[in-house]
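One structure below.
The values are calculated or read from the model by the stated rules, or taken from the named source; none is laboratory data. Since the structure is predicted, the reported quantities are computational estimates derived from the model, not experimental observations. A quick note on method: Cβ atoms are made from the backbone with ideal geometry, for glycine too, and the neighbour counts reach across all protein chains shown. Accessible surface areas use protein heavy atoms only, side chains included; no ligands, DNA or RNA. Shrake-Rupley method; radii C 1.70, N 1.55, O 1.52, S 1.80 Å.
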Amino acid sequence: MATTADASITPAAGPAFALLGTVQTALIFTLTSLTVPLPRIGRELSLGRDDLVLLSAAYGLAFSGLLLLGGRVADRFGGRRGLTVGLLVFTTASLAALLVPGPGTLLAARFAQGAGAALTAPAAMAVLRTTLPDTAAYGRAMATWGGLSVLGATAGNLLSGVVSALTSWRLTFAVPVAVGSLTLTLAPRLLPTTPAFAGRSLDLLGASLATAGITLVSYGLVLTDSHPWGTRSVLAPLLTGAALLAAFLITEHRAHDPLLPLGFLRDKRRALALAAIGLTAAGVATTFILLSLHLQQDRGWSALRTSAAFVPFAVALIGSGRTTGPLIARYGAPAVTACGLALSATGLALLALTGLAPHSPYAYGLLPGLLMLATGAAAAFAGAAVLATDGVEARETGLAGGVMNTAMELGPTVVLAALLTLGSDTTSLAATAAAFAAVALLHMRVKQRTHSPRELSP
């Protein structure tokens, strides 16, 4: 999906769309690229569980915390300029991680990667908006764009397992280095110059409060993996982060040119779309983590065999992504999002019933649920991406990209932390399925607003 232009995109815009889509896929690939090899990293670098949790979360903490600022930077200075700066940071940090001499440098590189990604992701959407100025064409492109993040997360889990089993886990960082270098080389030729809205301020106070608040809350939730909720190490960042976010909301309400206009989130369609994006990202992440641990720890599978078990998931994901655009064109984004969430809920329920049983055969114990989850997640992500960006003015495209990616990053952190309190993996999957079903029901009540299916058809 990342390298194939949507059928509705003109030949001139096709290469630009493919390049930007590859960037988006690489950003999410990097988020999950250390999940499978974490045990091996711990052995090689002599890291304990807490250190590994922080190392795994460092990229996401910086990414989610800085996304709102990254969106405003793209709107203020222009998408292509923001993309260039972000990719320089992202690629340099990835190269440092590839050549890392020790755990301290690796941790710093992961934080820097996340900061570069936070500048890059919303800027890529701003450039895409300039590439496709027609509203209907942009909406069709977003239907494909929405599935790229799930594809990137899946590729990160699959490829990291294969690479760590055959060579060194460090080589997973070669992917973002290659994508970043290629994009920086081709951008001047393939990507259009994007407008800069010079009259906009960056709202540095709001940016500081949002970044610190989101980062501290996320960090506190990550710590619940290894510390009880009531301990000081968890409560201190959670409460401090919550206080900073409350101050952020007060500041934004009073600001002349806020970092995040509160009216942007009052749109019920957009709010539900963001909920669907966060929940879908969380459902896929939860499934990969729980099943990876189950297959390796309970069934004794190798990392390579575990990665191979998710190959059909990736195939179903790509296949669903290629067919979702026409479905959105025919039935509308709300209906496709609702159906995708419902199908994902069914897949998660099947995994809860049969997937974690000790002697459940892969072919009819795990595979049916995985295929349903992949097919539904791709459809839900695509439809929700269209809804989240529908009606957004060109001068706020970076903001929309920042908000959408923030939901994508925070969803897994919040949901995984909540599921840890349930104890049982089966209960966790069942609870996630119930959440998918609830959000699907809400989306069934949403009506297509800006575009009719006829306007969105290729």
How many percent of the accessible area of segment 71-113 is carbon or sulfur, using a 1.4 Å probe? 73
If packing is taken as the mean number of other Cβ atoms within 10 Å per residue, what is the order of 122-129, 181-188, 409-416, 53-60, highest first? 122-129, 409-416, 53-60, 181-188
Which trypsin sites (Lys or Arg not before Pro) from segment 251-297 combine a DSSP loop assignment with at most 12 other Cβ atoms within 10 Å? 266
Ignoring ligands, DNA and RNA, what accessible area per residue does segment 112-196 give at 1.4 Å, in Å²? 29
For segment 48-110, take the convex hull of the Cα atoms, compute a quarter of its surface area, and give me that in nm², please. 4.5
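Rounded, prolate or oblate: which fits segment 104-243 when a ≥ b ≥ c are the square roots of the eigenvalues of the alpha-carbon gyration tensor, with rounded for a/c under 1.5 and prolate only if a/b beats b/c? Walk me through the numbers on the way to the answer.
Working: a/c = 2.03, a/b = 1.24, b/c = 1.63.
Oblate, because a/c is 1.5 or more while a/b does not exceed b/c.
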So, by mean Cβ neighbours within 10 angstrom, what's the order for 275-287, 208-220 with the highest one leading? 275-287, 208-220
Near the amide H of residue 47, under 5 Å away, which other amide H atoms are found, from residues 5 or more places off or on another chain, if H is placed in the peptide plane? none
What does the C-alpha gyration tensor say about the overall shape of segment 287-419? Classify as rounded when a/c is under 1.5, otherwise prolate if a/b is larger than b/c, or oblate. prolate
For residue 104, what is the net charge nearby, where nearby means another residue's Cβ is under 14 Å from its Cβ and Lys, Arg count +1, Asp, Glu -1? 0
Ranked packing of 190-196, 38-44, most packed first, by mean Cβ within 10 Å: 190-196, 38-44
